[in-house]
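Peer 1: Following this message is one structure expressed as structure tokens.
The values are calculated or read from the model by the stated rules, or taken from the named source; none is laboratory data. All figures in this text were calculated on a predicted structure; none of them were measured in a lab. As a convention, Cβ positions derive from the backbone with ideal geometry for all residues, glycine included, and neighbour counts pool all protein chains shown.
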Amino acid sequence: MTAPQPTKTTCPYCGVGCGILADVSLDGKVGIRGDTTHPANFGRLCSKGSALGETVDLDDRLLYPEVDGQRVSWDAALRLVGSRFSETIAEYGPDSVAFYVSGQLLTEDYYVANKLMKGFIGSANIDTNSRLCMASSVAGHKRAFGSDTVPGCYEDLEIADLIVLVGSNLAWCHPVLYQRIVAAKDKRPEMKIVLIDPRRTMTSDIVDLHLPIKPDGDVALFSALLSHLFETDAIDQDFIAAHTSGFTDALRAADAMDILAIIEQTGLDHRLLRSFFELFARTDRTVTVFSQGVNQSARGTDKVNAIINCHLATGRVGKPGASPFSVTGQPNAMGGREVGGMSNTLAAHMDIENAEDRDRVRRFWQAPLVAAKSGLKAVDMFRALADGRIKALWIMATNPVVSMPDAGKIEDAIRNCPFVVVSDVIAKTDTVRHARVRLPAAAWGEKSGTVTNSERRISRQRSFLPLPGEARPDWWIVCEVAKHMGFGAAFDYKSTSEIFAEHAALSGFENNGTRDFDIGQFANISETEFDRLEPFQWPRHVGKEPSIRLFTDGTFFTRDGKARFTSLDLEPRRTTPAAYPMTLNTGRVRDHWHTMTRTAKSQRLSQHYGEPFAEIHPSDAASYNIGDADIIRISTGNGAILVRALISARQRPGSIFVPMHWTDQYASKARVDTLVPAVVDAISGQPASKNISVRIERFAVSTYGFAVLDRKPENIDAAYWALAKCSAGWRLELGFADGREDWSSFANELLGASEDTETIAFHDRQSSSYRFACYRGESLRGALFLASEPVAVSRDWAVAQLTAPHPRTASRFKFIAGRPGAGATDNGATVCSCFGVGANQIAAAVRRGCHSVAAIGEALQAGTNCGSCRAEIRTIIEAQNLQAAE
Ligand SMILES: Nc1nc2c(c(=O)[nH]1)N[C@H]1C(S)=C(S)[C@@H](COP(=O)(O)OP(=O)(O)OC[C@H]3O[C@@H](n4cnc5c(=O)[nH]c(N)nc54)[C@H](O)[C@@H]3O)O[C@H]1N2
Ligand SMILES: Nc1nc2c(c(=O)[nH]1)N[C@H]1C(S)=C(S)[C@@H](COP(=O)(O)OP(=O)(O)OC[C@H]3O[C@@H](n4cnc5c(=O)[nH]c(N)nc54)[C@H](O)[C@@H]3O)O[C@H]1N2
Ligand code: SF4
Ligand SMILES: [Mo]
């Protein structure tokens, strides 16, 4: 018997869109490797991609349809959803219902959801989490180019002489792209990289210049750059004259900003500004990469256009190594844009406000009508849900109770709406828990279709696992509901290949080069061809040679074919409210994905950061009397959260950074979006998630705790707790506001004490610390450590005790009464998740003489698999060398 071929598929996380080879061994284990033939990654994978095998088990999965918490048949669930939507529409009109979908749906799922809402229900009330992610880039592209087009490709990053990263933590959020840049710079060290970010993130590791910009100083910065380009004669006059309009006005607006205002708004001094401007002016091959530090702002669209203005002025658009480059976050953010999945767009990059486009789509779909106006954007959609205008909502593949701004109100709105349907893969998320109808969706590895990455490359996701329980792919669920609503003929697909073919046909339908998105070549794709489909980049017009870049001839999709400059004003002066003097910045960490529903299943990924935290500058920590590992309370008028303090000089003074990931499933009170007000960009409707006025204070903890447990605990009775997966169970950090007379009942409940377990306890009066250990036979069920200071127990050692044998001897008393973990080496916070290598181990190796990332790799293996941690390893080496030099 020959070994089965691995399945070629695509990573379900970030927009880099790496190709993966997945193997299922006889014991059911899933092996994951990078696909060396895939043009996004050529075999590389980051820590998240490499750990995918740890996330495909069926623990926590939603496997059967449920209504009101009771399992029902698919038929009953679909009938209920169909009839409830139909009745609501009949009574209150099409705009009384809505879909809130996601850039994590496959293109085929997205296509049918959009077709159902816009063509058959007849409302445009379908919006997506891309509103929180890419909406400002979409709006900025349309304003400048007349279409939502990303002109460049990944190769541009390798051949550029200057890469400007704006509001983008590439090392952690697009790790394989980052590695491609690192490799290119290794080959051509003269290549320059500039980072524009208020924080000195891990991405700064390879940069030549870091501009620690003030939050939202970007419009001022790029406007000043435009003036500089003009003054120093660095503009491309011919390009401007032949291919653009509006330059004079844009320049006049930029010139109106005086240098003092620019310095004030950017927080950058002359020297830094000059270095950046000169570098940009003299380097033709410049790519400006931007993501959420740009998009997620009350002026996100203006930021996008301020950047594009500088590229238009220098003619650096769609040329090899020269383009503005908005990198997408989600695996299928691009696919969602292609199918027109936002409330103000139409399928195949057509325009909902354009009557001809609407008519074309209606004829193609043979639909009764196509929604005649834009629908509600995410923030407004949930407002309408809260005030009862939306009476039935279907959420697919997104977790708005965690990720939407003003998340407390979102939760109330969902809880109070009589008819919320959620399709998800996980049984219990902060959103799923409030749904009346829960539909089990097929997960990555089980579903099949296409996704489009940041460089417009369409790749197949292929299934390699059977559908578990009664889980079904999202497209199937949508089509079945459509059938129950009486639209069977238009939703009678047998497979995703048929949907893809229809989507391709629509993109080419009456196109003739008038629309950028065209994959008409695939309109007649057969099932077999779809099975074998290799990754390709759009556009793919019938009868035209494919090109990997757009706008190469300087023609744009505006009426006159010219790109448009945007005239931008200075940011109105913002006054910081006295009660909320600190700035809250939010974003991502290397090893978690969004609301952690999948990455928290991996013990490897849970080691990098095991709890929610706030990065705070040492000067702010000192003025608020906050020590490392203290708990910080962060509040706004909207709410408060509790997170661990991480003091770091990389943080900008006056700002704190909190990750968006932690939910009520993994922490007591750490949903950062409960603090974020629903302030949006006026043009794109994208929320401003990065610049929030907050108050911080040290949270008075009377007792700190740490526990290891062999199973996931329920109902943890502590003001602060955070739970993370570890090798043989769970680790739990605790903080109690009040002391307790007797800790044993808490300990017994937490540790799962029962008739067949034995608990031993130890109380050290001197240090007022307590320890409890609970055994079943010779194994440890759990141990709890309590102290008045942050608990100084080696976490690695404690976790290892869960799998160590514990014979009934005096050693148990040693375990409980000795200094826990004393003598045990503590590996420190995990840096390399692939090989489980900690910061302390790396530091020790540096002290032993390993002074390069390669030497560390040889000694410890760290950084030699996915390479996502190489930036952190380099930082540890530098810190150690600095210490040695002092
Ligand atoms: N590990 C990991 N990777 C991911 C994801 C994940 O959840 N985890 N999610 C994916 C998704 S959907 C997305 S959208 C991308 C996001 O990818 P990124 O945009 O790179 O990630 P963020 O951490 O949200 O924000 C980027 C940076 O913007 C900076 N910033 C904040 N305010 C400003 C400002 O005013 N100006 C400038 N210039 N910078 C500012 C922040 O300090 C932060 O470092 O990541 C994708 N990749
Ligand atoms: N404060 C703050 N808030 C933010 C951001 C920020 O930087 N700061 N970033 C914003 C951005 S850029 C984004 S993209 C959003 C992301 O926020 P969300 O979209 O809310 O986050 P996810 O955890 O990715 O949610 C995906 C959900 O879909 C489920 N799922 C996974 N696969 C499938 C599938 O195949 N089918 C179905 N039906 N369900 C599936 C998962 O279990 C999970 O519940 O957050 C936004 N919110
Ligand atoms: S960079 Fe990492 S998360 Fe992004 S697609 Fe590649 S393997 Fe997946
Ligand atoms: Mo995103």
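Peer 1: Just need a number here: residues in region 143-160 that are over 28 Å from S567 (Cα atoms) and in a loop (DSSP other than H, G, I, E, B).
Peer 2: Residues in region 143-160 being over 28 Å from S567 (Cα atoms) and in a loop (DSSP other than H, G, I, E, B): 0 in total.
Peer 1: Which residues, counting only those in region 27-44, are surrounded by fewer than 22 Cβ atoms within 10 Å (Cβ to Cβ) and either over 23 Å from the mean Cα position of the chain (by Cα) or within 16 Å of ligand 1 (Cβ to nearest atom) (or both)?
Peer 2: Passing the criteria: D27, G28, K29, V30, G31, T36, T37.
Peer 1: OK, next. If L279 satisfies every condition in (1) surrounded by 12 or more Cβ atoms within 10 Å (Cβ to Cβ); (2) closer than 11 Å to T314 by Cα but one, which is the exception?
Peer 2: Answer for L279: the failing condition is (2).
Peer 1: Of the residues G31, G53, which is touching an Asp or Glu at 6+ places or on another chain (Cβ under 6 Å) and over 25 Å from V478 (Cα atoms)?
Peer 2: That would be G31, the only listed residue that is touching an Asp or Glu at 6+ places or on another chain (Cβ under 6 Å) and over 25 Å from V478 (Cα atoms).
Peer 1: Checking the conditions here, which among L116, L80 is part of a helix (DSSP H, G or I), surrounded by fewer than 23 Cβ atoms within 10 Å (Cβ to Cβ) and hydrophobic (A, V, I, L, M, F, W, C)?
Peer 2: Sole residue among the options that is part of a helix (DSSP H, G or I), surrounded by fewer than 23 Cβ atoms within 10 Å (Cβ to Cβ) and hydrophobic (A, V, I, L, M, F, W, C): L80.
Peer 1: OK, next. Residues in region 283-310 that are under 25 Å from Q237 (Cα atoms), in contact with a helix residue (DSSP H, G or I) (Cβ under 9 Å, 6 or more places away or on another chain) and more than 8 Å from ligand 1 (Cβ to nearest atom): how many?
Peer 2: Matching residues across region 283-310 total 13.
Peer 1: Sticking with this structure for a sec: Can you run down the residue pairs with Cβ atoms below 9 Å, 6 or more apart or on separate chains, where the first is in region 168-183 and at positive phi and assigned to a helix (DSSP H, G or I) and the partner is crowded, with 24+ Cβ neighbours inside 10 Å and of a type in the set (F, W, Y)?
Peer 2: As it stands, the answer is none, since no pair meets every condition given.
Peer 1: F835 fails exactly one of the following numbered conditions: (1) of a type in the set (F, W, Y); (2) under 30 Å from I626 (Cα atoms); (3) outside any helix (DSSP H, G or I). What is the number of that condition?
Peer 2: F835 satisfies all of (1) of a type in the set (F, W, Y); (2) under 30 Å from I626 (Cα atoms); (3) outside any helix (DSSP H, G or I) except (2).
Peer 1: Out of curiosity, is A614 within 27 Å of P653 (Cβ to Cβ), crowded, with 16+ Cβ neighbours inside 10 Å and small (G, A, S)?
Peer 2: yes
Peer 1: Given the criterion under 28 Å from K601 (Cα atoms), assigned by TED's automatic domain parsing to the domain that holds E755 and in contact (Cβ under 8 Å) with a residue 24 or more places away in the chain, identify the matching residue among A804, A787, A792, A871.
Peer 2: A804
Peer 1: Among helices (runs of 4 or more DSSP H) lying entirely in region 397-499, which contain 3 or more residues that are more than 20 Å from the chain's Cα centre (by Cα), within 16 Å of ligand 4 (Cβ to nearest atom) and not assigned by TED's automatic domain parsing to the domain that holds L106?
Peer 2: Hits in region 397-499: none.
Peer 1: One residue is enough: does region 140-157 have a residue meeting the conditions more than 16 Å from ligand 3 (Cβ to nearest atom) and under 22 Å from G587 (Cα atoms)?
Peer 2: yes
Peer 1: Working only within region 745-762, note down all residues that are surrounded by 15 or more Cβ atoms within 10 Å (Cβ to Cβ) and either part of a strand (DSSP E or B) or touching a residue at least 40 places away in the same chain (Cβ under 8 Å) (or both).
Peer 2: Residues satisfying the conditions are L750, L751, G752, T759, I760, A761, F762.
Peer 1: Specify which of the listed residues (A322, A347) is farther than 20 Å from D109 by Cβ and in contact (Cβ under 8 Å) with a residue 12 or more places away in the chain.
Peer 2: A322
Peer 1: Tally up the residues in region 572-598 that are buried (at least 20 other Cβ atoms within 10 Å of the Cβ), more than 16 Å from ligand 4 (Cβ to nearest atom) and assigned to a loop (DSSP other than H, G, I, E, B), please.
Peer 2: Number satisfying all stated conditions: 1.
Peer 1: Also, I was wondering about something else. How many residues are farther than 22 Å from T597 by Cα and free of Cβ contacts under 8 Å to residues at least 12 places away in the same chain if we restrict to region 9-34?
Peer 2: Of the residues in that region, 3 qualify.
Peer 1: Let me confirm something: among A442, A397, which residue is free of Cβ contacts under 8 Å to residues at least 40 places away in the same chain and either aromatic (F, W, Y) or within 27 Å of A348 (Cβ to Cβ) (or both)?
Peer 2: Just a single option satisfies the conditions, and that option is A442.
Peer 1: OK, next. All but one of (1) assigned to a loop (DSSP other than H, G, I, E, B); (2) within 16 Å of ligand 4 (Cβ to nearest atom) hold for H38; state the number of the condition that does not hold.
Peer 2: (2)
Peer 1: Of all the residues that make up region 45-65, how many are within 10 Å of ligand 3 (Cβ to nearest atom) and either surrounded by fewer than 23 Cβ atoms within 10 Å (Cβ to Cβ) or part of a loop (DSSP other than H, G, I, E, B) (or both)?
Peer 2: Number satisfying all stated conditions: 2.
Peer 1: Among (1) surrounded by fewer than 22 Cβ atoms within 10 Å (Cβ to Cβ); (2) out of contact with any strand residue (DSSP E or B) (no Cβ under 8 Å at 6 or more places or on another chain); (3) part of a helix (DSSP H, G or I), there is one condition V379 misses while meeting the rest; what is its number?
Peer 2: (2)
Peer 1: Does region 342-352 contain at least one residue that is on the phi < 0 side of the Ramachandran plot, part of a strand (DSSP E or B) and within 16 Å of ligand 2 (Cβ to nearest atom)?
Peer 2: No, region 342-352 contains no residue that is on the phi < 0 side of the Ramachandran plot, part of a strand (DSSP E or B) and within 16 Å of ligand 2 (Cβ to nearest atom).
Peer 1: If V289 meets every condition in (1) within 20 Å of F325 (Cβ to Cβ); (2) touching a strand residue (DSSP E or B) at 6+ places or on another chain (Cβ under 6 Å); (3) away from ligand 3 (no atom under 16 Å from the Cβ); (4) among the aliphatic types (A, V, I, L, M) apart from one, which number is that one?
Peer 2: (3)
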